[in-house]
Every structure is written in C-alpha cells, then in structure tokens.
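The values are calculated or read from the model by the stated rules, or taken from the named source; none is laboratory data. As the structure is a prediction and not an experimental result, all values here were calculated from the model. Neighbour counts run over all protein chains shown; Cβ positions are idealised from the backbone, glycine included. Surface areas here come from the heavy atoms of the whole protein model, side chains and all, with no ligands, DNA or RNA. Shrake-Rupley method; radii C 1.70, N 1.55, O 1.52, S 1.80 Å.
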Amino acid sequence: MTPFDLILRTRIIYGESALDRLGDLGRELGFSRTLIVADRGIVATGIVERAAARLVASGVSPSFFHDFDANPDTTMVERGRVHAAAQRIDSIVALGGGSSLDCAKGINFVLTNGGSMRDYRGHNKAARPMLPSIGIPTTAGTGSEAQSYALISDAETHAKMACGDDKAAFRIAILDPLLTVSQPAAVTAIAGYDALSHAVESFATVKRTAASDLFAREAWILLDGNYARVLESPQDVAARGAMLLGSHYAGAAIELSMLGATHACANPLTARYGITHGVAIALMLAHVVRWNAEVVEDRYAELLRLVGDNGSGSAGDRLADRVDRLARRGGLPRTLAEAGVRREDLPSLAADAATQWTGTFNPRPFDAHAALALYERAF
C-alpha cells in the first residue's frame, strides 16, 4: 500500500440553510473586515446580499469584489488585491463557482505574500501566513473549496497555472444544497460533469493512495447516481445535496491524488478557443478512459462495480460508454469539430497539452504524441 500523509485542512459544514451560520463561523475565525469575492451572476441571485446580512448581524463588516470572469487571470487577481488592500480586510469569503473560489485564493496569495500569481505556480511557495477564509460553493463542480490550489490563467499567455499552498486552503467550507437549486440547467450539466471527471481521474493517477481512494469512490457513487436526476428534477434538494457533497469529495481526492490526461488535454482547449472547462472535459474524458484502460482496467472495473454495472466487455470501454452517455444526457458537445476546433490546430494543442502539470500524474505515460492521438480520437 502506498504511504501517505493526510491532513484535512478544511472544516466541512453541510446541510440545508447552512449559509445561515456564516456570521457565527466568521466570528469564530476572528473575522472583522471581510472581503466577499463573488462573480456577477451570483450577485444577481441575491445570495451575496444574504451572506453579507449574516456577517453584518454578527458584527462583521463586508466589502465586495466582483470584477472577474469565468476564468480568473493574473490581471483580475491583481485588481482584487488592490481593492482588498484599500479595504484593509482581515479575512475572505468566497461565494460562487470555481472561478469565485479560485479568484479569492489568488487574492489571498498576492495580498499577503506580494508579487504576482506567476510567483506561486507550483506548491508551497508562499512564505508568509495567509488570511483566514471561508469557501461557499454554489455549484457542484470544481470542488475548489476542498483544495489548497487556485487555478489562475496567465493574462499574457492564457496558460492555466496551478498555484497551491497549504496555507491557501479554506478554513471552513459551507456546503448548502439550497444554494445550488437555482442554477441554470447548462451550469448544472457542465459543472456536474467536471466533478464526475474528477472522481474518475483522481481514482486512477500514479499518485493515488488509500486515502484518495476513499474520497474518489464516494464521490463517484454520489455523482454518477445523481447527475441525471438533478437535470431531470432541478428542485430535488436531496439530489442537489448529493452532487454538492460528491463534488467536494472529488475535490478532496484531487488534493491527495491530482488529475490526469483529460485535464491536460482540456486546458489548451479553454486557453486557445475559450471552450468552457467542463465542456472541454466532456470532449476528452471518454477517449482518455479508453486509452488509459491498457494500464488501469482494474481500477475502471472497480468504479463500475461500485455503481452496479456488471455488464460484459472490457471495463475501459464500458466506463467510457457510461461517461459518454452522461455527457449526452447533459447536452454537451461530443466532438472537437462540433466545438469549433480546427484540425490543423491539433499538433500545437498537443504540444501545449504535453506541458500541463496534470499530465504527469496520468497512469499511462503522456506526451505530445499521446495528446495528438487523443485529440484525433475526439475530433
């Protein structure tokens, strides 16, 4: 059994109306002047106003930062730092999807440790303490609230940078399924599929351990069993809760095990074409599963057993078919051509994919030649 060193740095508060505890939890962490980082779409739902009211009722003074987009970059994080410094904040609340949570972590890095996000690419490069923070996801997707990494794009090159530090982890994650009920169907489909991919990839990486397997297994069971349900019955709070918890568990599995070739291939599609991350994942996951099955067939067979799939044929093909059916159920594009990718760009996309950090954890050796073969399959 592979050795591991497990520290769960984030306290989990799960349950309907858990947002109501925000003020008290902030006071427990010593919040006085907190920055709420939330994207504009979340502001429009009224959730930010509710969160601010809970803080004010507990004597915490909130300020707000919304000036960032779906893929936060170094320029947006710097704008957040300037705003946060002017407000003299002592804490951060991140509210929204992965972009809000990642942007909040990015602001925390540069506000407390200086420099730019480029200085923190990799792991544990922040020398000074960081501000206490609370993460509140409103989508079942990235699981960023369970991770010490922020995914920030370089504003000049558009490359996604994984910037991690133990100190960047949220002290508390509030998982309130009621916050996810109002998601548009497309967001539910795209974010949920991203979470599914996290469970599948983290279960098969070269870095996996018994600890990461615990989270990945439970994440897969919850996500596979409820993905179609939340699309069919958006008001089903139990299914929403299962997806939210599954997303969090998958995020915890990533923290311990990392990801693989699916994400390595997806990131250049987002950088080059602006394809939404979860859509890019859906374009690649089934192909990577079939390709990886040569070395992790037994792992894929276990995932199938966990959800009662005891059919005939190779586990790689069956799991690939299963995740492909889920992508179709979510109405996600099925080919690179359908998503607007040009065939002549595939070699340069493959070269970019080969530089992605996640590819180094893939169970089957991954390089530009492998990436090109996968893109060709997906085209």
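Scan segment 199-220 and give yes if some residue there is within 26 Å of G46 (Cα to Cα), part of a helix (DSSP H, G or I) and free of Cβ contacts under 8 Å to residues at least 60 places away in the same chain, otherwise no. Give the derivation first.
Within segment 199-220, the subset within 26 Å of G46 (Cα to Cα) is none.
Checked against the condition, which is being within 26 Å of G46 (Cα to Cα), part of a helix (DSSP H, G or I) and free of Cβ contacts under 8 Å to residues at least 60 places away in the same chain, segment 199-220 yields no hits at all.
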Residue within segment 179-192 that is within 24 Å of R11 (Cβ to Cβ), polar (S, T, N, Q) and in contact (Cβ under 8 Å) with a residue 60 or more places away in the chain present: yes
Scan of segment 267-286 for residues that are in contact with a His (Cβ under 9 Å, 6 or more places away or on another chain) and over 20 Å from A155 (Cβ atoms), ordered by number: I281, M284
Matching residues, segment 21-58, being assigned to a strand (DSSP E or B) and surrounded by fewer than 16 Cβ atoms within 10 Å (Cβ to Cβ): R33
Residue in segment 249-275 that is farthest from G135 (Cα to Cα), counting only those that are part of a loop (DSSP other than H, G, I, E, B) and either open to solvent by less than 10 Å² (accessible area, probe 1.4 Å) or touching a Phe, Trp or Tyr at 6+ places or on another chain (Cβ under 8 Å) (or both): G260
Which listed residue is open to solvent by 10 Å² or more (accessible area, probe 1.4 Å) and either touching a residue at least 40 places away in the same chain (Cβ under 8 Å) or more than 20 Å from the chain's Cα centre (by Cα) (or both), from G97, G143: G97
Search result, residues across segment 319-363 that are part of a helix (DSSP H, G or I), more than 14 Å from A261 (Cβ to Cβ), open to solvent by 60 Å² or more (accessible area, probe 1.4 Å) and of a type outside the set (K, R): D321, E344, P347
Hits in segment 148-185 (condition: modelled with pLDDT under 95, buried (at least 21 other Cβ atoms within 10 Å of the Cβ) and in a loop (DSSP other than H, G, I, E, B)): Q183
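Give V288, V295, V307 a once-over and let me know the one that is surrounded by fewer than 16 Cβ atoms within 10 Å (Cβ to Cβ), touching a helix residue (DSSP H, G or I) at 6+ places or on another chain (Cβ under 6 Å) and in contact (Cβ under 8 Å) with a residue 24 or more places away in the chain.
Values: V288 fails: surrounded by fewer than 16 Cβ atoms within 10 Å (Cβ to Cβ); V295 fails: touching a helix residue (DSSP H, G or I) at 6+ places or on another chain (Cβ under 6 Å).
Answer to the selection: V307.
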Flag for G80 being at positive phi, open to solvent by less than 50 Å² (accessible area, probe 1.4 Å) and in contact with a strand residue (DSSP E or B) (Cβ under 6 Å, 6 or more places away or on another chain): no
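Residue under question is G316, and the condition is that it be within 29 Å of V206 (Cβ to Cβ) and assigned to a loop (DSSP other than H, G, I, E, B); does it hold? Show your work before the answer.
On the way: within 29 Å of V206 (Cβ to Cβ): yes; assigned to a loop (DSSP other than H, G, I, E, B): no.
Considered against the rule, which asks whether it is within 29 Å of V206 (Cβ to Cβ) and assigned to a loop (DSSP other than H, G, I, E, B), G316 comes out as no.
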Meets criteria (of a type in the set (A, V, I, L, M) and loosely packed, with under 14 Cβ neighbours inside 10 Å) for A18: no
Condition met for V296 (β-branched (V, I, T) and outside any helix (DSSP H, G or I)): no
